[in-house]
Amino acid sequence: MNMMEIKNFSFTYAKASKPSLKNINLPIKKNQITALIGPSGCGKSTLLRSLNRIHDLYPGNKYEGEILLYNPQTNEYENILELKKENEFINLRQRVGMIFQKPTPFPMSIFDNVAYGLRLNGIKNKSELETRVEEALKGAALWNEVKDRLKASAMGLSGGQQQRLCIARAVALKPEILLFDEPTSALDPISTGAIEQLVAELKKDVTIAIVTHNMQQASRLSDYTAFMYMGELIEYNKTEKIFLNPDEKLTEDYITGRFG
Amino acid sequence: MNRLIVNKIIIALSVFSALFGIGVLFWILGTLTIKGIVSINWHIFTHDLVEKGIRNLIIGQFIMGILASFIAIPVGVAAGIYLREYNTNKFGEILRNLSDVMMSAPSIVVGIFVYGLLVDPIGHYNGFAGAIALAIMMLPIVISTTDSMLSLVPKELREAGIALGGSKHKIILQIVLRAAKVGITTGILLAFARIIGETAPLLFTSANNQYLTFDLTHQFPSLTVSIYNLANYPDEASINLAWAASFILTIVVLIINLLGRYITRNKG
Amino acid sequence: MSGKLFKNFSFFSATISLILLIAIFTTLYYYASDAINTFGFWDFITGTQWEAGEDDEGGIFGGAIPIVGSLLTTAIAMIIALPLALGIAIFLTEIAHEKLIKPVSIAIELLAAIPSIIYGMWGLFYLAPLVQKYFGGAGIGLFSAGVVLAIMIIPFIASITKDAMNTTPNVLKESAYAMGATKFEVIKDVVIPYAKTGIIGSIILALGRALGETMAVAFLLGSVMKFPKNLFDTTTSIPVILANTFSEAEDLELSALFYLALILFALSFIIISLAKFYFLRNKEER
Ligand SMILES: Nc1ncnc2c1ncn2[C@@H]1O[C@H](COP(=O)(O)OP(=O)(O)OP(=O)(O)O)[C@@H](O)[C@H]1O
Ligand SMILES: [Mg+2]
């Protein structure tokens with residue numbers, strides 16, 4: 001089943017003359033990992049950042065088409081491009097979490113980082129916060145490393161730990177979808193391995209979309225892969241199919257490293 | 001939703017702060033313009049303070065400001081060069097911080113210091129002491145601009161100079177300083193605009209003079225000290241003259257300021 | 001000019017700040033020593049009398065009133081200036097539309113460029129009558145002086161705070177927004193904590209400036225040797241007593257004024273050094 005359906009979607013940045021995304025049609029399947037691949041500048045981040053409408057922090061961007069998000073409560077799809085009110089955006093962003101390329105710990109303690117979104121939601125009860133934080137840190141495979149220094153500043157963690165902290169912070173809100181924009185490109189191979197393992201485990205609870213430049217990562221990790229080129233979606237299919245037997249010549253050239 | 005209301009309130013307060021700042025600026029400039037224009041006439045530009053004019057005041061202020069610049073600019077630029085180009089150790093770092101501290105030294109204290117140094121021993125107020133006090137105010141600003149403008153010059157430029165076999169001081173004077181010229185000029189203009197409007201350093205150094213004079217060894221006229229004195233007089237005519245002087249002073253200071261910004265924008 | 005000569009000249013120039021600092025301290029101390037020897041430190045700063053003796057011989061001089069006056073005006077100015085300056089900085093970094101940032105910044109910087117004597121004129125002839133109309137009293141006094149002082153330091157705090165806040169990386173803000181934070185929450189939880197040292201540094205620096213600012217308050221505080229009875233009462237402060245009595249003072253009174261100047265200089269030296277060495281260090285490296 002599709003958690004999200006992107007339909008005839010185009011996107012133009014405020015100051016740009018041409019659209020950065022053209023007529024994209026793509027499903028994001030529930031409890032699966034969808035990888036977005038393609039050469040630099042093809043629009044992967046632009047697409048990902050449309051899914052939680054983080055673009056709207058900057059005025060003047062233009063959306064066209066539809067991005068439908070499944071709502072488990074009502075059992076219906078709603079078009080997130082129609083959202084206008086601030087509380088609707090807040091609600092969307094809590095349902096659709098995002099992890100960035102560089103770890104982004106907030107300048108506060110480890111505990112407060114993970115509790116951040118919970119507190120925004122009005123959870124004040126100390127023991128509830130503690131259980132939820134522990135749960136999230138365990139979910140992000142970080143609990144054992146930080147349980148003795150929850151009050152320490154998050155800035156003191158290693159890059160890989162910081163990235164897992166950011167995942168824990170997002171997971172704590174129990175989002176339905178998690179968006180990852182090259183989450184390991186700033187990390188060493190060991191930390192990268194830990195994050196990949198974590199992402200693979202997370203998919204039983206959440207739906208995942210991940211942008212990556214690393215072909216091995218995409219093939220190891222994802223169930224579905226979308227190949228983008230110059231703002232267009234060239235090919236979308238099961239990951240094995242894309243990597244073993246793509247329909248398009250362009251896709252094959254890209255994954256075999258002939259350009260990009 | 002409570003959070004959203006808090007958010008709106010904070011944004012509104014922040015917009016209000018900005019409006020307040022702009023409002024005060026226009027309020028001050030507005031009253032200054034109205035009061036100033038009413039009080040300005042040809043007479044005040046052609047007569048000295050003794051005849052209810054400000055000619056000698058404008059000239060006196062500029063002479064002391066220019067003299068201060070002649071002292072502060074070479075020393076300040078050289079100090080900035082030392083801090084950025086020669087200094088590598090901790091001592092230089094301390095000097096840099098001390099210069100920053102001097103930048104915020106109370107101007108009245110600088111005036112009193114120069115009084116103790118150059119007025120009391122001589123026995124009477126003098127324009128030279130006023131210029132020195134202004135130079136002391138100007139120096140740290142020139143040092144800090146030179147220092148930070150030089151820091152913007154790319155390393156490669158220096159390395160290229162060294163690769164061509166230039167000696168260090170030639171590279172600094174001929175290449176690095178030239179590359180930072182626009183920024184330093186702007187900084188100097190802003191520093192000049194700052195000291196030309198100073199009052200406190202002049203109160204007990206140059207004091208004031210009713211007449212036009214070029215003799216820096218005696219009391220020396222200035223706009224700022226005159227404004228301070230005139231505003232305390234009870235008669236309307238003196239207060240109007242103070243407004244006229246304030247208007248002229250502000251216009252000059254703001255024009256030099258905007259000129260500095262304009263230069264950076266266009267050539268920086 | 002030879003390389004060696006040039007280097008020596010620039011080294012000498014660089015040491016000028018140090019030389020000046022030492023010269024200021026020793027000169028002030030030299031002239032203040034009469035008063036220091038007569039009153040000591042504690043008696044001077046707690047003394048509330050300021051009376052010249054017969055025939056200008058001796059007299060009793062205590063600095064308590066101007067010292068308290070300085071602290072009070074500075075405190076009032078900070079209380080008024082802080083929220084407004086922070087508001088302006090937030091407006092310029094997080095709220096203003098791109099097209100507005102430039103003109104508003106220039107307006108704020110021009111506000112900082114206006115000579116302080118002009119603030120004094122404006123305060124005396126426009127603000128004080130307003131204060132008198134709405135709050136009674138003489139118009140001039142602690143409150144009017146505090147307001148003018150606040151207006152003078154607002155641009156200063158706002159521009160340093162703005163620069164500090166601008167160093168917050170965009171992704172950091174985005175990741176707070178991505179968790180559903182509102183603009184205010186992002187500012188409060190991410191931007192301000194991130195810029196904290198810079199903000200504190202700018203506040204302390206502004207404090208030092210406000211303490212030493214003279215011309216803006218010289219007209220406005222009243223310049224009378226008494227403790228203020230309320231917020232709108234007149235009093236004096238170190239810069240104000242210096243500006244208004246220095247030129248007529250002689251002997252021990254003059255020495256006492258130098259003593260006050262020394263105290264003011266030492267206070268602002270400590271405050272500014274604290275800001276510079278502790279909070280605003282390595283501003284280029286950050
Ligand atoms: N803020 C912006 N304003 C205008 N154009 C932009 C903006 N951000 C990105 N673009 C343009 O949109 C296109 C897509 O950029 P995007 O960042 O989505 O690429 P990407 O696939 O994520 O690349 P990379 O792999 O390098 O991260 C590029 O041509 C880029 O130049
Ligand atoms: Mg990208």
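The values are calculated or read from the model by the stated rules, or taken from the named source; none is laboratory data. Quantities reported herein were computed from a predicted structural model and do not represent experimental measurements. As a convention, Cβ positions derive from the backbone with ideal geometry for all residues, glycine included, and neighbour counts pool all protein chains shown.
Summary of values
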quantity: Helices (runs of 4 or more DSSP H) within the stretch C:178-241 that include 1 or more residues of a type in the set (Lys, Arg) and within 23 Å of residue C:162 (Cβ to Cβ); calculated: C:183-186, C:196-212
quantity: Breaking point among (1) crowded, with 19+ Cβ neighbours inside 10 Å; (2) more than 16 Å from ligand 2 (Cβ to nearest atom), for residue A:66; calculated: (1)
quantity: Criterion: within 14 Å of another protein chain (Cβ to nearest Cβ) and not hydrophobic (A, V, I, L, M, F, W, C) - qualifying residue of B:21, B:60, B:53; calculated: B:21
quantity: Matching residues in the stretch B:189-205 - criterion: being charged (D, E, K, R) and under 15 Å from residue B:144 (Cα atoms); calculated: B:194
quantity: Sole exception among (1) free of Cβ contacts under 8 Å to residues at least 40 places away in the same chain; (2) under 27 Å from residue A:201 (Cβ atoms) for residue A:84, by number; calculated: (2)
quantity: Of all residues making up the stretch C:81-113, the number that are touching a Pro at 6+ places or on another chain (Cβ under 8 Å), at pLDDT 90 or above and not in a helix (DSSP H, G or I); calculated: 0
quantity: Residue in the stretch C:21-30 that is facing chain B (nearest Cβ under 9 Å) and either under 15 Å from residue B:78 (Cβ atoms) or touching a Ser or Thr at 6+ places or on another chain (Cβ under 7 Å) (or both) present; calculated: no
quantity: Residue A:132 being in contact (Cβ under 8 Å) with a residue 12 or more places away in the chain, farther than 27 Å from residue A:254 by Cβ, surrounded by fewer than 23 Cβ atoms within 10 Å (Cβ to Cβ) and not aromatic (Phe, Trp, Tyr); calculated: yes
quantity: Number of positions in the stretch A:136-190 that are touching a residue at least 60 places away in the same chain (Cβ under 8 Å), farther than 25 Å from residue A:218 by Cα and touching a Ser or Thr at 6+ places or on another chain (Cβ under 7 Å); calculated: 0
quantity: The listed residue being at pLDDT 90 or above and surrounded by fewer than 17 Cβ atoms within 10 Å (Cβ to Cβ), out of C:38, C:73, C:46; calculated: C:46
quantity: Check on residue C:261, at the interface with chain B (Cβ under 10 Å from one of its Cβ atoms), touching a residue at least 24 places away in the same chain (Cβ under 8 Å) and part of a helix (DSSP H, G or I); calculated: yes
quantity: Residue that is polar (S, T, N, Q), within 29 Å of residue C:142 (Cβ to Cβ) and at the interface with another protein chain (Cβ under 8 Å from one of its Cβ atoms), where the choices are C:255, C:268, C:223, C:237; calculated: C:268
quantity: Residue list for the stretch B:117-128, restricted to those being part of a helix (DSSP H, G or I) and surrounded by 22 or more Cβ atoms within 10 Å (Cβ to Cβ); calculated: B:119, B:127
quantity: Selection count where residues are crowded, with 20+ Cβ neighbours inside 10 Å and away from ligand 2 (no atom under 16 Å from the Cβ), scope the stretch A:1-33; calculated: 7
quantity: Residue that is within 16 Å of ligand 2 (Cβ to nearest atom) and either surrounded by fewer than 21 Cβ atoms within 10 Å (Cβ to Cβ) or within 14 Å of another protein chain (Cβ to nearest Cβ) (or both), where the choices are A:175, A:183; calculated: A:183
quantity: Among the candidates B:188, B:171, residue that is under 30 Å from residue B:60 (Cα atoms) and either at pLDDT 85 or above or surrounded by 16 or more Cβ atoms within 10 Å (Cβ to Cβ) (or both); calculated: B:188
quantity: Wholly within the stretch B:1-111, helices (runs of 4 or more DSSP H) carrying at least 3 residues that are touching a Pro at 6+ places or on another chain (Cβ under 7 Å); calculated: B:55-81, B:90-103
quantity: Matching residues in the stretch A:96-126 - criterion: being more than 8 Å from chain C (Cβ to nearest Cβ), surrounded by fewer than 21 Cβ atoms within 10 Å (Cβ to Cβ) and touching a strand residue (DSSP E or B) at 6+ places or on another chain (Cβ under 7 Å); calculated: A:109
quantity: Residue within the stretch C:82-91 that is more than 9 Å from every other protein chain (Cβ to nearest Cβ) and either of a type in the set (Ser, Thr, Tyr) or surrounded by fewer than 16 Cβ atoms within 10 Å (Cβ to Cβ) (or both) present; calculated: no
quantity: Qualifying residue in the stretch A:215-229 (condition: surrounded by fewer than 21 Cβ atoms within 10 Å (Cβ to Cβ), within 18 Å of the chain's Cα centre (by Cα), among the hydroxyl-bearing types (Ser, Thr, Tyr) and not in a strand (DSSP E or B)); calculated: yes
quantity: Any hit, the stretch A:234-241, residues being within 16 Å of ligand 1 (Cβ to nearest atom), buried (at least 17 other Cβ atoms within 10 Å of the Cβ) and farther than 22 Å from residue A:96 by Cα; calculated: yes
quantity: Some residue of the stretch B:215-226 being more than 10 Å from chain C (Cβ to nearest Cβ) and of a type in the set (D, E, K, R); calculated: yes
quantity: Strands (runs of 3 or more DSSP E) wholly inside the stretch A:29-136 containing at least 2 residues that are away from ligand 1 (no atom under 16 Å from the Cβ); calculated: A:62-71, A:76-79, A:96-99
quantity: Top-ranked residue in the stretch A:44-68 [being within 19 Å of the chain's Cα centre (by Cα) and basic (Lys, Arg); ranked as farthest from the other protein chains (Cβ to nearest Cβ)]; calculated: A:44
quantity: Residue within the stretch C:56-70 that is more than 14 Å from chain B (Cβ to nearest Cβ) and among the hydroxyl-bearing types (Ser, Thr, Tyr) present; calculated: no
quantity: Any hit, the stretch A:194-212, residues being farther than 22 Å from residue A:159 by Cβ and within 16 Å of ligand 2 (Cβ to nearest atom); calculated: yes
quantity: Options B:206, B:246, B:226: the member that is hydroxyl-bearing (Ser, Thr, Tyr) and not in a helix (DSSP H, G or I); calculated: B:206
quantity: Identity of the residue in the stretch B:24-43, among the hydrophobic types (A, V, I, L, M, F, W, C) and surrounded by 14 or more Cβ atoms within 10 Å (Cβ to Cβ), that ends up farthest from the other protein chains (Cβ to nearest Cβ); calculated: B:40
quantity: Subset of the stretch A:180-191 (residues that are under 21 Å from residue A:31 (Cα atoms) and within 12 Å of ligand 1 (Cβ to nearest atom)); calculated: A:181, A:182
